[in-house]
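Worksheet: the structure to be examined is printed underneath.
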Amino acid sequence: MLARYIIESSATVRAAAQKFGISKSTVHKDVSQRLKTSNPPLYKSVRKVLDMNKSERHMRGGLATKEKYLRRKQALDSARKRGCS
């Protein structure tokens with residue numbers, strides 16, 4: 001179920017862990033070690049998604065940082081308009 005969710009939604013390990021209410025390390029162990037021996041074709045499919053997510057990780061981090069500073073700027077601008085500088 002976990003592997004199929006990751007494949008169908010291109011979910012990250014963190015997102016899958018949150019969805020199923022388990023730790024990231026449990027997700028990683030289930031889809032990287034246990035699945036490799038129990039269902040190799042499904043493992044390969046999950047591995048493709050996880051490798052893609054890993055290669056895009058630096059971009060998501062940069063976007064999150066950009067959004068963080070935009071929100072700070074908006075809050076500061078809003079406070080200035082209200083006269084609370």
### Task
Could you grab the pairs with beta carbons closer than 7 Å, sequence gap of 6+ or different chains, first residue in the range 60-85 and exposed (fewer than 10 other Cβ atoms within 10 Å of the Cβ), second one not aromatic (Phe, Trp, Tyr)?
Ser85/Ala79
#### Entry: Criterion: open to solvent by 100 Å² or more (accessible area, probe 1.4 Å), in a helix (DSSP H, G or I) and at pLDDT below 90 - qualifying residue of Lys44, Lys19, Lys36, Lys54
Lys54
### Query
Taking the stated definitions as given, is Val49 touching a Ser or Thr at 6+ places or on another chain (Cβ under 9 Å), open to solvent by less than 40 Å² (accessible area, probe 1.4 Å), part of a helix (DSSP H, G or I) and among the hydrophobic types (A, V, I, L, M, F, W, C)?
yes
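The values are calculated or read from the model by the stated rules, or taken from the named source; none is laboratory data. Remember, predicted model here, so these are calculated numbers, not experimental data. Cβ coordinates were reconstructed from backbone atoms using ideal geometry, including for glycine residues, and neighbour counts include every protein chain displayed. For the accessible areas, the whole protein counts, side chains as well, though only heavy atoms, and no ligand, DNA or RNA atoms are used. Shrake-Rupley method; radii C 1.70, N 1.55, O 1.52, S 1.80 Å.
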